[in-house]
Every structure is written in structure tokens, then in C-alpha cells.
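K.L.:
Just dropping this structure here.
The values are calculated or read from the model by the stated rules, or taken from the named source; none is laboratory data. This is a predicted model, so every value here is computed, not measured. With ideal geometry, Cβ positions are generated from the backbone for all residues, glycine too; neighbour counts draw on all protein chains shown. Areas reflect the complete protein model, heavy atoms only, side chains present, ligands, DNA and RNA absent. Shrake-Rupley method; radii C 1.70, N 1.55, O 1.52, S 1.80 Å.
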Amino acid sequence: DTVLYGGFERGTLNIFAAPSGHGKSLFLQNISINWALAGYNVVYVSLELSEKLCSMRFDSMLTGYGTRDLFKNKQDVALKLGMTSKKAGQLQIVQLPNGITVNDLKAYIKEYQIQTGVNVDAVVVDYLDLMTPARQKVQLNDVSLKDKLVSEELRNFAIEGDYLFATASQINRQGLDESEYGMGTIAGGLTKIYTADNAIGIHASRAMKERGII
């Protein structure tokens, strides 16, 4: 088994794999916060959830308040966020359209850096399966080839920008109770996983979820 010493390296493709509703976005949001708290400037790109929902989750993680309690404690939330931001890097949250290519991603980050003067250290994309290849047209039903090309382009993107980079991928419904994810459980097959430098499966069976275990 591979052991991660010192976390993810710049210029690598790191994929979190999980079934729908098993925490892909939460894992990616959590790692974004930890990178920002470590002093890195982070761009979190959502291709599914709204900027408002993502922002609420980030605020909840940073302050310890549940998302339902944020508005009830506005002053304390603002105080805690203000204190945290003094020591942290920038964390930019943006929702881009489902189906973007890596070229759209590059264009957004370039524009963001020009407009703000912030040098981006880390990029998180939520998530890989919702992107389309830039260099080749692919049939919509050829998910395996689509995801393979996207994963290769994202890895090259991370290398070219020298970014810390993380994204996620979907597990099929038959993988819900599997503790190891294989060709039959990874949506679109294992081609994108083969491209990854690190692939981490998020596993929680129905019984585990009932007990709050992941």
C-alpha cells in the first residue's frame, strides 16, 4: 500500500471516489479549507452545487456552527471568519457551468489572477465527471473515453500550473456496499483512476451510515 508522506504534492492528480451523496463535495471542501488555513491561495470550482450552498458549508466548517445556525449567530460567525482570514490564504468559491473544459478552467483562473493579483496555489474541481474534454470531441455515451481524456487534461493542468489539485469521481450504485472499488463500480470504468497519482475511495455502507461512520 502507498503511504502519503506530507500530503499531496504539487502537479499531481488526486481523486476522491464515492457514490452519490457519500461526501465527495464535503471532502473536497474540507481539503480546500485546510489548504487555505495552511496559507495557500485556493480556487474551489463547483460544477454542481451553488456558490451560496458551498459558502454556507465553508462557513460552517470554519466556525463550528451548523448551517442552520449560521444566520442566528451572524455576529459571532463574522468575527470568527475575520480572525481566521488574517492568517489564511485566499479561498475563492465559484460555480461554473456543467460541461466545461480544462480550457475554460484555465481562462477563469487567469482572469481571477489578473483581476485580484492573487497567485493561485491550489485548485479543487467538484467534480471530474461533469467536465468534457478540450482536445477531442467524444460521444456523450462514451463515458470511459470522456473521463480518461478529462483526467489526463486535468493532470497536465496541475503540472503546468504547479498546483495542488484535487477532484472527485462517481461510484455506481452497485458500489454502495463494496469496500473496494473496481472496474464494475467506478462510473465510466477505471481509466481515470489509472491516470491519478492518488485515488482515495470514500466508503460507507448503509449500516455504517446509520452509525455515522465513513
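K.L.:
So which residues in the stretch 34-56 are crowded, with 20+ Cβ neighbours inside 10 Å, modelled with pLDDT of 85 or more and part of a helix (DSSP H, G or I)?
P.N.:
35, 36
K.L.:
If you take the residues in the stretch 179-196 that are assigned to a loop (DSSP other than H, G, I, E, B) and open to solvent by 60 Å² or more (accessible area, probe 1.4 Å), which one is modelled with the lowest pLDDT? It would help to see each step written out before you state the result.
P.N.:
Step one: filter the stretch 179-196 for residues assigned to a loop (DSSP other than H, G, I, E, B), giving 179-185, 187-190, 196.
Of the ones still in play, those that are also open to solvent by 60 Å² or more (accessible area, probe 1.4 Å) are 179-180, 183.
Values: 179: 55, 180: 58, 183: 50.
Within the stretch 179-196, the match that is modelled with the lowest pLDDT is 183.
K.L.:
Give 150, 124 a once-over and let me know the one that is part of a strand (DSSP E or B) and among the hydrophobic types (A, V, I, L, M, F, W, C).
P.N.:
Testing whether each residue is part of a strand (DSSP E or B) and among the hydrophobic types (A, V, I, L, M, F, W, C) leaves just 124.
K.L.:
Here's something else I'd like to know. Spot the failing condition for residue 86; the list is (1) under 23 Å from residue 196 (Cβ atoms); (2) in a helix (DSSP H, G or I), and only one is missed.
P.N.:
Checking residue 86 against (1) under 23 Å from residue 196 (Cβ atoms); (2) in a helix (DSSP H, G or I), the one that fails is (1).
K.L.:
When the residues of the stretch 153-175 are narrowed to those that are assigned to a helix (DSSP H, G or I) and out of contact with any helix residue (DSSP H, G or I) (no Cβ under 9 Å at 6 or more places or on another chain), which ends up farthest from residue 38 (Cα to Cα)?
P.N.:
Residues of the stretch 153-175 that are assigned to a helix (DSSP H, G or I), as a first pass: 153-161, 173-175.
Remaining after also requiring out of contact with any helix residue (DSSP H, G or I) (no Cβ under 9 Å at 6 or more places or on another chain): 158-159, 173-175.
Working: 158: 19, 159: 21, 173: 36, 174: 37, 175: 34 Å.
It comes out as 174.
K.L.:
Suppose we filter the stretch 101-110 for residues that are outside any loop (DSSP other than H, G, I, E, B) and either open to solvent by less than 30 Å² (accessible area, probe 1.4 Å) or within 21 Å of residue 35 (Cβ to Cβ) (or both); how many remain?
P.N.:
6
K.L.:
If you go through the stretch 142-160, how many residues are more than 15 Å from residue 191 (Cβ to Cβ) and open to solvent by 30 Å² or more (accessible area, probe 1.4 Å)?
P.N.:
3
K.L.:
Related question: I want to confirm something. Restricting to the stretch 71-83 and keeping residues that are surrounded by fewer than 16 Cβ atoms within 10 Å (Cβ to Cβ) and either under 24 Å from residue 28 (Cβ atoms) or not aliphatic (A, V, I, L, M) (or both), which single residue is modelled with the highest pLDDT?
P.N.:
75
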